[in-house]
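Working notes for the structure below.
Just so you know, all these numbers are worked out from the coordinates, no wet-lab data involved. Given the structure is predicted, the values throughout are model-derived calculations rather than measurements. Here the Cβ is made from the backbone with ideal geometry for all residues, glycine too, and neighbour counts use every protein chain on show.
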Amino acid sequence: MLRQGRITPAQQRACDELYPRYGIPYSAAPVDAQALFGRSAPLVLEIGSGMGETTAAIARAHPGTDYLAVEVHGPGIGSLLRRIEAERLPNLRVVRHDALDVLEHMIADGALAGIYLFFPDPWPKKRHHKRRIVQPAFAALAARKLAPGGILHAATDWQDYAEQMLAVLGAEPLLENTAAGFAPRPEHRPLTKFERRGLGLGHAVWDLVFRRR
Ligand SMILES: C[S@@+](CC[C@H](N)C(=O)[O-])C[C@H]1O[C@@H](n2cnc3c(N)ncnc32)[C@H](O)[C@@H]1O
């Protein structure tokens with residue numbers, strides 16, 4: 001699990017030196033994305049960006065969209081900050097804080113063009129399922145923060161979590177499934193090395209793409 005990784009000196013240095021430049025301190029009031037990015041563009045929030053490989057690739061491939069990556073894991077934050085610096089990604093900023101708090105308080109209702117949730121912690125033990133982020137309250141919160149037509153895109157490699165996501169998101173009245181069930185992987189989610197290896201071993205990945213009504 002990522003969470004157990006120790007922070008490297010380079011990642012720590014990135015947190016110290018680059019967070020002031022590319023990080024956004026948590027605030028309980030909605031951020032002004034236009035002021036933050038210096039333009040008016042669609043805004044996508046990513047929950048749990050991990051080491052930031054996918055996040056940076058998406059931001060690089062879609063310069064017309066602005067991205068907020070939310071993560072609590074120090075090594076991941078450091079790693080992503082280093083990518084932003086190295087790749088000069090003006091459309092990507094990082095918030096080191098709990099993503100549910102950020103969604104609830106830092107994002108105005110209807111402000112998002114998209115919410116990405118890629119490979120959230122699976123909490124495989126049955127007694128831990130209640131810790132999974134995709135729950136009815138999450139679905140309602142996410143729907144409220146999306147603009148009409150905005151997309152909630154989740155992906156997981158755990159079948160029973162995928163089925164839970166399908167049931168929970170499908171039950172939220174403000175969301176409609178863009179597919180008959182699971183969706184084909186949208187072009188905007190790049191295949192990671194990890195995923196490519198898993199697919200080679202016969203592991204499956206499930207994508208869910210819901211639209212705000
Ligand atoms: C299994 S990792 C997947 C990371 C990345 N999305 C990927 O696909 O490689 C899940 C990530 O979600 C982060 N996370 C879990 N709960 C979170 C929360 N409430 N707020 C922000 N990040 C969270 C963890 O720290 C971890 O980095």
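A few comments on the model shown:
- The chain: relative contact order in percent, alpha carbon pairs under 8 Å with at least 6 residues between: 20 percent
- Of the residues Pro122, Thr8, Ala143, the one whose Cα sits farthest toward the positive end of the charge dipole of region 2-212, with +1 on the Cβ of Lys and Arg and -1 on the Cβ of Asp and Glu, is Thr8.
- Selected from Ala86, Ala179, Ala154 as most flexible by GNM, with the chain as the system and alpha-carbon contacts under 10 Å: Ala86
- Descending Cα extents along the principal axes, region 2-212, whole Å: 44, 38, 32
- 19 Å Cα-Cα reach of Lys130 towards aspartates and glutamates, excluding residues that sit fewer than 8 places from it in its own chain: Asp98, Asp101, Asp121, Asp157, Asp160, Glu163, Glu172
- For the chain, the residue among Leu152, Ala180, Gly202 whose Cα projects farthest onto the positive side of the dipole built from Cβ charges is Gly202.
- Computed 3J(HN,Hα) for region 111-126, one whole-Hz value per residue from the Karplus formula 6.51 cos²θ - 1.76 cosθ + 1.60 where θ = phi - 60°, is 8, 9, 7, x, 10, 10, 9, 9, 6, x, 3, x, 6, x, 6, 4, glycine and proline marked x.
- Summing Cβ point charges (Lys, Arg +1; Asp, Glu -1) relative to the Cα centre of region 2-212 gives a dipole of roughly 480 debye.
- Projected onto planes of every orientation and averaged, the convex hull of the alpha-carbon atoms in region 136-204 covers 5.2 nm².
- Region 116-157: C-alpha gyration tensor shape, a/c 1.5 cut-off, then a/b vs b/c: oblate
- Normalising the Debye intensity of region 1-46 to I(0), with uniform scatterers on Cα atoms only, and taking log10 at q = 0.21, 0.30 Å⁻¹ returns -0.91, -1.12.
- Cleavage-rule hits (trypsin sites (Lys or Arg not before Pro)) in region 93-129: DSSP loop, at most 13 neighbouring Cβ within 10 angstrom: Lys125
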